[in-house]
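**Q** Mind looking over this structure? Questions follow.
The values are calculated or read from the model by the stated rules, or taken from the named source; none is laboratory data. Just so we're clear, the structure is a prediction, and the values are computed from it rather than from any experiment. All Cβ positions, glycine included, derive from the backbone under ideal geometry; neighbour counts span all protein chains shown. When the accessible area is computed, the model is the full protein with side chains, heavy atoms only, and any ligands, DNA or RNA have been set aside. Shrake-Rupley method; radii C 1.70, N 1.55, O 1.52, S 1.80 Å.
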Amino acid sequence: MTNFKLTELNEQAVQYIAVGAAVLGTGGGGDPHIGKLMAQEAIRKYGPVRVISPEDLEDDALVVPLSMIGAPTVMNEKIPSTEQMTKPLDLIEKELGRKVNAIMPIEVGGGNSLVPVIAAAERGIPLLDADAMGRAFPESQMVTFYLDGIDCSPITMADERGNGVLMHAIDGVWEERMARAITIQMGGSASICDYPVTGAQVKQSAVHHTLTLAYEIGKILYESKDMRQNPIEALLKHLHGYALFHGKAVDIRRRTEGGFTRGEAVFEGTDAQKGRTMRLFFQNEFLLATEDGQSLAVTPDLISLLDQDTGMPITTENLKYGARVTAVGFPCDPKWRTAKGLETVGPQYFGYDVPYVPIEKLTAQKGDAR
Amino acid sequence: MSHMNLSNNEEIYRIGVDVGGTNTDAALLDSELNTIHTVKVHTTRDVNEGIIESIRRLLSESNVNPAQIHYAMLGTTHCTNAIVERKHLGKVGLIRIGAPATTSVPPLADWDDTLKAAVGRHAYVVHGGYEYDGRTIVDLDEQEILDCFMKMKGEVEAIAVCGVFSPVNTSQEKRVEQLAKQVFGADMPVTLSHEIGSIGLLERENASLLNGALLNVIAGVVKGFEDALQGFGIDAGVYICQNDGTLMRSEYALRYPILTIACGPTNSIRGAAHLSGLNNALVVDIGGTTTDIGVLSQGFPRQSSAAVEIGGVRTNFRMPDILSIGIGGGTIVRADAKKDQVTVGPDSVGYELLKRGHIFGGDTLTATDVAVKLGRYHWEGVQADELDESICRRADEIITQDIEDAIDRMKTSADAVDVVLVGGGSILVADKLEGVAKIVRPDHYDAANAIGAALGEVSGETKRIYSLDEMTYDQAIEDARSHAINQAVLAGANRDTVQIVLSEDIPIAYLPGNALLVKVKAAGRL
């Protein structure tokens, strides 16, 4: 990778990040379209947003992640209000008795990658080039801060009516339960600040430079199209990822369990992979890819589906019969490969009875990396 | 045919007219939907002239008594063109029922300036809206709405109303319509978003605005068609084609012109289904410049699941899932001096084929020349002797490969599919294609679109979120089905012929009560 680092977000950068975040969203995290429009509108109104790196932070700086919690379907209909995007910030500043120095995304996958831009633009606070997942995951405790034992409280939430909530949870798992219940009462979609962290904690525990990563992914996908390069090849080369499978969706099954969309999709191989079959299992995000019962990639490593022609990412909700895709995989942040990381987001947590094996090893075993 | 008129049970006919970019096609069908006659005329600058000419020829060549034509159907690209060219669009005032929610993205946020200027800048966000389960977020503030109407007065020709979760609860949108009629009079057209699209506020709002902007365009189309029919003594029920392959009564079309967008490909697919007798197949429609491939699923075109952009604006209403590639009868074939490199297209001589094609004395090698040279088609009075056979063979391989690839992309499984070939350019295609079980080349293949228009199925739809805490999955689906069937009957379908043609359900993530978005479409014959 290059040494490029984002220093400012303008409308164009937002466009790139939206696409990159959909790739890092691994099929979930919601369509970033609304997040993109919200961020672009905020930049039009308040000007470009300054982006800072974790290494630029003072150790005692106060950094607050800001995101939306709830159903992406609801957010695409009941679009948030501008006030709703700053209210949790106000509440947390009041509770902690000090000003926030930087805002960060909690996850760099899907719409939440761009949600903090609105508050950063409106308040004139810098946005931090880091997140707490390096991808997207469905539950509140699935953040690197949780792995490092960082307190998720105080937690603040808001809806569009003006309701605000201040909450203390003993850990991320309890936060998930309580915040989810409040979200339902707030109409299925709410804004939330959790895990207020210090600069030192960010340096130790966050996944760094992920907005830059999303930006670069988006830039590659847009520019390779113009330069008549194969976008998927360009992407894999740049990110040291692996092409897992080229195929066509032939069967998709979805069911709801506990408010999540779970299911599996079956792909038949095309071109050189004719006659082969891949299965992809998901709970909002793609979590496990297998062929003949053998794992190709396993959560928490990243699995994304890209349109074979354009390289553009395909979400679990938009995947349809006949879609021509290339499944790609990327190694996750090393924090997820620790014992606690795998306990939190490994295959067993999601109910898949397979061991976690890093994607580099799986691909080397198969002998056809990239 | 004329001797049949002597019987007491007089035959009843129907005509379908499909206006395309290059040609206007017309077809005459009897009550059993047999094709009696078809004609093809050039689409004229004033589209109505082409329509009139096509009907004139249809009547004179078939000798059918105009009084026996009881149904007339029109498929038109007027509305698509109006949006793309930003011409003849009316000014629309928008009321979004959204505040205090939705304020972070204003209306028209993703519209380009030329389209914004054409449709107008009277867009307001007022208080109101519902939650996903139909609960009220906040009540309407009627004075606030009346104030917005005052600002629009005299500057808009139509009103569009779009409320948060209006597909779940329609009351607030309907109340705003009443207020609009009070202020502007009963004649002011009002588009309610829940009648246009499903969940996805901005996309539904965009579609509603475009709908309002197209009202004048469609009024001209319908009047022109009705006048033309009257001029020939045809007293028929008039229907306009929608983009899902079904029809709407002209009164309905006058209110929902946006639904006519992109009906051309669906008419071809429906016509191909009828002519071939197949219900599940790929339809390959080869014209002068492009080949459009659609999927015929249970007699109807498969719908695209992606958000659809029209004139650069993202909308969420139904569209056929069509793959277009740049191969047609006029596609230009090039060979370099050494003759070992041949390229095909993507450019085309288009409507100038009969002037520029080699076999017609022109200087351009086209896909049609190749087909004639390889003996696939004989064109009266022309010959292709002087064309280089090896170049033609190489070009044919490329054309075949491109079409095979495109077919493969649209398949839903690796199994070989049946392919129905329609359109004037279908002569290009070889008799065998990789991955294809059977190629059907039906009679009247070059007027499949007009025949599709004339078939006359009308539909009804349900798009609703159900909570599976309150009912079983089967009950939810049953409720959606019976609602869709009733809607189809309301639209004019004969209840005995109504069938469910599409049924899908998508669980909604992160909502309690196992929320399920159910979409069902039913269709039946007039």
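**Q** Mind listing just one residue for me: the one in region B:454-469 that is within 14 Å of another protein chain (Cβ to nearest Cβ) and part of a loop (DSSP other than H, G, I, E, B) and, of those, surrounded by the fewest Cβ atoms within 10 Å (Cβ to Cβ)?
**A** Selected residue: B:ASP469.
**Q** May I pose another question? Which members of region A:71-109 meet the condition of being under 29 Å from A:PRO300 (Cα atoms) and within 11 Å of another protein chain (Cβ to nearest Cβ)?
**A** A:ALA71, A:PRO72, A:THR73, A:VAL74, A:MET75, A:ASN76
**Q** Restricting to region A:112-141, give me the number of residues that are within 12 Å of chain B (Cβ to nearest Cβ), part of a helix (DSSP H, G or I) and buried (at least 24 other Cβ atoms within 10 Å of the Cβ).
**A** So the answer is 5.
**Q** Name the helices (runs of 4 or more DSSP H) wholly inside region A:1-93 in which the number of residues that are modelled with pLDDT of 95 or more and surrounded by fewer than 24 Cβ atoms within 10 Å (Cβ to Cβ) is 1 or more.
**A** Per the criteria, A:11-24, A:33-46.
**Q** Does B:THR170 satisfy being without any contact (Cβ under 8 Å) to a residue 60 or more places away in the chain, hydroxyl-bearing (Ser, Thr, Tyr) and farther than 30 Å from B:ALA236 by Cα?
**A** Yes; evaluated as a whole, the condition is true for this residue.
**Q** Can you find even one residue in region B:485-498 that is open to solvent by less than 50 Å² (accessible area, probe 1.4 Å) and within 14 Å of chain A (Cβ to nearest Cβ)?
**A** No: region B:485-498 contains no residue that is open to solvent by less than 50 Å² (accessible area, probe 1.4 Å) and within 14 Å of chain A (Cβ to nearest Cβ).
**Q** Mind counting the residues in region A:268-319 that are surrounded by 19 or more Cβ atoms within 10 Å (Cβ to Cβ) and on the phi > 0 side of the Ramachandran plot?
**A** Number satisfying all stated conditions: 2.
**Q** Conditions first: (1) open to solvent by 10 Å² or more (accessible area, probe 1.4 Å); (2) outside the structural domain of B:THR103 (by TED's automatic domain parsing). B:PRO189 passes all but one, so which condition is the exception?
**A** Of everything listed in (1) open to solvent by 10 Å² or more (accessible area, probe 1.4 Å); (2) outside the structural domain of B:THR103 (by TED's automatic domain parsing), B:PRO189 misses just condition (2).
**Q** Wholly within region A:287-343, which strands (runs of 3 or more DSSP E) include no fewer than the required count, namely at least 1 residues that are within 14 Å of chain B (Cβ to nearest Cβ)?
**A** Once the strands (runs of 3 or more DSSP E) in region A:287-343 are filtered for at least 1 residues that are within 14 Å of chain B (Cβ to nearest Cβ), what remains is A:302-307, A:324-330.
**Q** Where residues in region A:235-267 are modelled with pLDDT of 90 or more and open to solvent by 10 Å² or more (accessible area, probe 1.4 Å), which of them is farthest from the other protein chains (Cβ to nearest Cβ)?
**A** A:TYR242
**Q** Please list, ordered by residue number, the helices (runs of 4 or more DSSP H) wholly in region A:170-234 having 2 or more residues that are under 21 Å from A:LEU114 (Cα atoms) and within 14 Å of chain B (Cβ to nearest Cβ).
**A** Per the criteria, A:172-185.
**Q** Same structure again: Would you point out which residue out of B:ASP446, B:ASP479, B:ASP474 is under 22 Å from the mean Cα position of the chain (by Cα), charged (D, E, K, R) and either crowded, with 17+ Cβ neighbours inside 10 Å or farther than 27 Å from A:ASP309 by Cα (or both)?
**A** That would be B:ASP446, the only listed residue that is under 22 Å from the mean Cα position of the chain (by Cα), charged (D, E, K, R) and either crowded, with 17+ Cβ neighbours inside 10 Å or farther than 27 Å from A:ASP309 by Cα (or both).
**Q** Okay, moving on. Given the options B:LEU259, B:LEU229, name the one that is open to solvent by less than 50 Å² (accessible area, probe 1.4 Å), under 17 Å from B:GLY197 (Cα atoms) and out of contact with any Gly (no Cβ under 6 Å at 6 or more places or on another chain).
**A** On inspection, the qualifying residue turns out to be B:LEU259.
**Q** Take the residues in region B:53-80 that are at pLDDT below 90 and not polar (S, T, N, Q); name whichever of them is least open to solvent (accessible area, probe 1.4 Å).
**A** Residue satisfying both the conditions and the ranking: B:CYS79.
**Q** Pairs under 8 Å by beta carbon, first residue closer than 21 Å to A:ASP56 by Cβ in region A:94-111, partner open to solvent by 70 Å² or more (accessible area, probe 1.4 Å) and assigned to a loop (DSSP other than H, G, I, E, B), six or more apart or different chains?
**A** A:ASN101/A:GLU58
**Q** Tell me, which helices (runs of 4 or more DSSP H) lie completely within region B:212-313 with 3 or more residues that are over 28 Å from B:VAL518 (Cα atoms) and among the small types (Gly, Ala, Ser)?
**A** Once the helices (runs of 4 or more DSSP H) in region B:212-313 are filtered for at least 3 residues that are over 28 Å from B:VAL518 (Cα atoms) and among the small types (Gly, Ala, Ser), what remains is B:215-231, B:263-276.
**Q** Among the listed residues B:LEU374, B:LEU365, B:LEU353, which satisfies the condition of being of a type in the set (A, V, I, L, M, F, W, C), touching a Cys at 6+ places or on another chain (Cβ under 7 Å) and more than 14 Å from chain A (Cβ to nearest Cβ)?
**A** That would be B:LEU374, the only listed residue that is of a type in the set (A, V, I, L, M, F, W, C), touching a Cys at 6+ places or on another chain (Cβ under 7 Å) and more than 14 Å from chain A (Cβ to nearest Cβ).
**Q** Another question about this same structure. Just one of B:GLY362, B:GLY350 is in contact with a helix residue (DSSP H, G or I) (Cβ under 6 Å, 6 or more places away or on another chain) and not hydroxyl-bearing (Ser, Thr, Tyr); which is it?
**A** Checking each option against the conditions leaves just B:GLY362.
**Q** Assess whether A:GLU223 counts as being surrounded by fewer than 23 Cβ atoms within 10 Å (Cβ to Cβ), without any contact (Cβ under 8 Å) to a residue 24 or more places away in the chain, touching a Pro at 6+ places or on another chain (Cβ under 9 Å) and outside the structural domain of A:LYS335 (by TED's automatic domain parsing).
**A** In short, yes.
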